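K.L.:
The structure is given below, and queries will be raised subsequently.
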Amino acid sequence: MKHLSLAALLLLTTATVHAQEPESEATEGEAGDAEQPEVARVPPPAPVDPGPSVEEIHNELRAFHGEMERGLNEKDIDAIVGALDENVIFTPMNGTIVRGPDEVRAYYERMLVGPDAFLADIRTTFEADDLSILHGGPEGQRSAIAFGQSDGHYELSDGTEFDVKAVWVTTLLRNDDGTWRIGSFSYSSSMFDNPILDMQRQYFMIGGGIALFVVFLLAFFVGRMRGRKSAKA
């Protein structure tokens, strides 16, 4: 009887333990879930603006080119100076170096406007030899080098007219708003073949012809005077 009671007690204890185990496991599982740290959610990266395409850049430069050509032909000095970088360097065909917007303005006012202007009128076209060379970014949107040729018709204040073929090269800088400014501009023509030299040659030929004619007349009259003296003697 005593053995039966002991066996029953052991069975009851074992059943109680097994009945409590799932609850214990669930509690441990809940505790494990509570202890896990929360993972911070990283927002996706913002889309990167690729900037203008190469074709859009060239279209901007074409529009800028047209505006500068218009400004020169219409003597719109404000438009020209307004498109210059503060450190611009300009080399015109007279061989001088002009620095800064103020000096460029003074140069064009001296050449194009006022009663003492050197030029009465100017008509010129600028043609690029190729697409501008782009620099300064994955799409080259920061700066450009353009180059080409120009055909210009000039009328001086004294009425003299002539045409000049020249070559040019310019460095252009792009602003963040998509506008452009001129960093440098150089302009030159052939020193061996240009209308100024042609006019000088014509003057020399005319002057030489006149001088030769004067010498011939002097020789003729001197010869006649000597002939008369010899005849009298």
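K.L.:
In the range 160-182, which residue that is among the polar types (S, T, N, Q) and more than 19 Å from residue 131 (Cβ to Cβ) is farthest from the chain's Cα centre (by Cα)? Working first, answer last.
P.N.:
Step one: of the range 160-182, the residues among the polar types (S, T, N, Q) are 160, 170-171, 175, 179.
Cutting the leftovers down to more than 19 Å from residue 131 (Cβ to Cβ) gives us 160, 175, 179.
Details: 160: 34, 175: 10, 179: 10 Å.
Among them, the one singled out is 160.
K.L.:
Being surrounded by 15 or more Cβ atoms within 10 Å (Cβ to Cβ) and within 13 Å of residue 76 (Cα to Cα) is the filter here, so list the residues in the range 108-122 that pass it.
P.N.:
Within the range 108-122, 108, 111, 112, 122 qualify.
K.L.:
Are any residues in the range 153-164 in contact with a helix residue (DSSP H, G or I) (Cβ under 9 Å, 6 or more places away or on another chain) and either part of a strand (DSSP E or B) or at positive phi (or both), and if so, which ones? It would help to see each step written out before you state the result.
P.N.:
Taking the range 153-164 as the starting set, the residues that turn out to be in contact with a helix residue (DSSP H, G or I) (Cβ under 9 Å, 6 or more places away or on another chain) are 154, 160, 162-164.
Listed by number, the residues that qualify are 154, 162, 163, 164.
K.L.:
Criterion first (closer than 21 Å to residue 77 by Cα, touching a Ser or Thr at 6+ places or on another chain (Cβ under 8 Å) and either modelled with pLDDT under 95 or not polar (S, T, N, Q) (or both)) does residue 135 satisfy it?
P.N.:
no
K.L.:
What are the pairs, 6+ residues apart or on separate chains, where a residue within the range 175-204 that is farther than 30 Å from residue 52 by Cβ has its Cβ under 8 Å from a residue that is at pLDDT below 80 and surrounded by 11 or more Cβ atoms within 10 Å (Cβ to Cβ)?
P.N.:
191/197
The values are calculated or read from the model by the stated rules, or taken from the named source; none is laboratory data. Not measured: the values here are computed from a predicted model. Using ideal geometry, Cβ is built from the backbone for each residue, glycine included, and neighbour counts are taken over all protein chains shown.
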